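A short write-up of the structure that comes next.
The values are calculated or read from the model by the stated rules, or taken from the named source; none is laboratory data. Because the structure is predicted, anything quoted here is derived from the model rather than measured. Cβ placement follows ideal geometry from the backbone for every residue including glycine, while neighbour counts extend to all protein chains displayed. Keep in mind that these areas ignore ligands, DNA and RNA; they rest on the heavy atoms of the full protein, side chains included. Shrake-Rupley method; radii C 1.70, N 1.55, O 1.52, S 1.80 Å.
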Amino acid sequence: MRTIPPEHYLALSRLDGFLGTSEGVYDTSTLAAHDFDVDNRTGFMPPQSPVGRLEAYWEPWELILDDAIAKSLQLGDKPGITPAEMSQSESWRWHVRELPVLSISGLIKSETDLRRAHLMLAWIMHFYLPPVLTYSDTVLYNWTLKTQSHEPTPALDNLHSLTLFTGTKDEQEFYLTSARMELRGVEALELMRSTMDEAFIGDDLAMRRIASILVRLATVIDDLKALFTTVREGCNPTTFYTNIRPWFRGADSDPATRKWEFAGLDTDPSFTYPPELSGPSAGQSSLIHALDMFLGVDEFSHAAGLTGGVGPKKSPFLVRMQLYMPRHHRNFLNHLAANPRPLREIVIGAGDATLLSAYNAAVGALKRFRDCHMAIVTAYIIQPARRAAAMNVAGDGAEVDAEAPLKGTGGTELVKFLKTVRDRTATAIICT
Ligand code: HEM
């Protein structure tokens, strides 16, 4: 088993400290606060194209990542990998081990540079030995504009991914489908904010306004679903399952249940074996968490005890996935969870048929979104896995127990987990 060079792992985990783990103190008086790094034009996506390259000092990181991409490195357990491909990967890994240890002190003044550094180190380490990549490294901070534009919100067809493992259009479309959904989700965030403003006023007019906001929210969620289905246009399910998805394998979704080794854990007392090593699941999208929480559906869809994983130590899936989010976005969700006027309670307490039906429409749209998610997961994972099992070959070439339940990138027993989440979403509908 190969090991990750300690100095680069150390640098990445320090960046995590700056980007991901510290909570800080925030103004929680408004949902629109830029403290949460949620922009009113681009939502959880940054308002400007992410930094595409760091200054010259960090060029060794940029170059080694360019090199991995140019060489089209292959996963070591790819079926039919050639000796030339294996030696190419080993030679690249040797260069990683020889990289100079670069200081990150010049980065910590700029959050956008930190994101680029995180993205680079995460991709380098993931090329070296998965899994360390997150949804923010593959989607939120991994885009640029195809054509320069001064529009405040990028046009959905004007996006291009910065970094890919396979260089395929399919991989790019896989990331950009989520990116487009994040941008369409901006209106949902705005509608949530308006609802909270109206809830504060709380009179009859406010209730009527909330009802019409919820009708609009249902339309936005249906649009998210429609955007989701477009993944089928650009990302071929077999290419996804065979060539792309193996790169996302987290420690808890490895079909061969191998253990990852990290060199140099004993070189720094603050270092411990990472307790969490999931791959970059779109389950880390703050947008879907926010919709669930705002509607009060999470209490049903992800009710206590639904870990999706195995073993007693697993926390609920949503809680675990929040650990992988940029910390401002996690704070945003915490703020939403602490809303003193929860929407669902307002709807139940108001006894207003129009409001109730609008709320149910929004919950119904979320259920339809999850039906669509299930259909896509069936086409992109379940069916190719069945075909691979029928041929007695694992889709990613690793030795697997053919009877074992399929694992999601976030480590869940995916079929059971996703069906439960979807079915429980429907139970959040309030009966009249
Ligand atoms: C081809 C595309 C996709 C596939 C194959 C896929 C697959 C999966 C799988 C297997 C899970 C189970 C959890 C785990 O990772 O272990 C999951 C969960 C989840 N995924 Fe996806 N996903 C896709 C796209 C998306 C997109 C675009 C979004 C939203 C931006 C999304 C949002 C979620 C959420 C929120 C969960 C948690 C379960 C829930 O709350 O419904 N997924 N996904």
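Quick notes
- Restricting 290, 256, 226 to residues that are part of a loop (DSSP other than H, G, I, E, B) and either within 12 Å of the ligand (Cβ to nearest atom) or closer than 22 Å to residue 382 by Cα (or both) narrows the list to 256.
- Residue, surrounded by the fewest Cβ atoms within 10 Å (Cβ to Cβ), within region 166-185, restricted to residues that are within 14 Å of the ligand (Cβ to nearest atom) and among the basic types (Lys, Arg): 184
- Any hit, region 62-72, residues being within 16 Å of residue 102 (Cβ to Cβ) and within 22 Å of the chain's Cα centre (by Cα): yes
- Residues of region 174-193 satisfying the condition of being under 15 Å from the mean Cα position of the chain (by Cα) and either among the basic types (Lys, Arg) or part of a helix (DSSP H, G or I) (or both): 174, 175, 176, 177, 178, 179, 180, 181, 182, 183
- The lone criterion from (1) assigned to a loop (DSSP other than H, G, I, E, B); (2) over 24 Å from residue 127 (Cβ atoms); (3) open to solvent by 30 Å² or more (accessible area, probe 1.4 Å) left unmet by residue 303 is number (3).
- Among the residues listed as 308, 264, the single one being at pLDDT below 80, within 11 Å of the ligand (Cβ to nearest atom) and more than 14 Å from the chain's Cα centre (by Cα): 308
- Residues considered: 104, 69, 108, 124. Of these, the only one that is open to solvent by less than 20 Å² (accessible area, probe 1.4 Å) and under 26 Å from residue 49 (Cβ atoms) is 124.
- Taking first residues from region 162-182 that are farther than 22 Å from residue 287 by Cβ and partners that are outside any helix (DSSP H, G or I) and open to solvent by 20 Å² or more (accessible area, probe 1.4 Å), the Cβ contacts under 6 Å between residues at least 6 apart in sequence or on separate chains come to 170/236.
- Within region 336-360, the set of residues being part of a helix (DSSP H, G or I), open to solvent by less than 40 Å² (accessible area, probe 1.4 Å) and touching a helix residue (DSSP H, G or I) at 6+ places or on another chain (Cβ under 7 Å) comprises 336, 343, 346, 347, 355, 356, 358, 359.
- Candidate set: region 403-432, residues that are at pLDDT 85 or above, open to solvent by less than 40 Å² (accessible area, probe 1.4 Å) and among the polar types (S, T, N, Q); chosen: the one farthest from the ligand (Cβ to nearest atom): 420
- Comparison of 199, 206 shows that the only residue that is of a type in the set (Gly, Ala, Ser) and touching an Asp or Glu at 6+ places or on another chain (Cβ under 8 Å) is 206.
- Only residues that are under 20 Å from residue 411 (Cα atoms) and of a type in the set (S, T, N, Q) were counted across region 314-364, and they come to 2.
- Counted residues, region 345-386 - those being free of Cβ contacts under 8 Å to residues at least 24 places away in the same chain and under 27 Å from the mean Cα position of the chain (by Cα): 3
- When residues of region 154-165 are limited to those that are crowded, with 17+ Cβ neighbours inside 10 Å and of a type in the set (S, T, N, Q), the one nearest to residue 125 (Cα to Cα): 163
- Enumeration of residues in region 194-226 that are among the acidic types (Asp, Glu) and under 22 Å from the mean Cα position of the chain (by Cα): 222, 223
- Residue in region 236-248 that is modelled with pLDDT of 95 or more, more than 30 Å from residue 358 (Cβ to Cβ) and hydrophobic (A, V, I, L, M, F, W, C) present: yes
- Condition check for residue 200: over 30 Å from residue 75 (Cα atoms) and part of a helix (DSSP H, G or I): yes
- Residue in region 203-221 that is within 13 Å of the ligand (Cβ to nearest atom), part of a helix (DSSP H, G or I), touching a Gly at 6+ places or on another chain (Cβ under 6 Å) and open to solvent by less than 10 Å² (accessible area, probe 1.4 Å) present: no
- Qualifying residue in region 230-241 (condition: in a helix (DSSP H, G or I), within 11 Å of the ligand (Cβ to nearest atom), of a type outside the set (Ser, Thr, Tyr) and open to solvent by 60 Å² or more (accessible area, probe 1.4 Å)): yes
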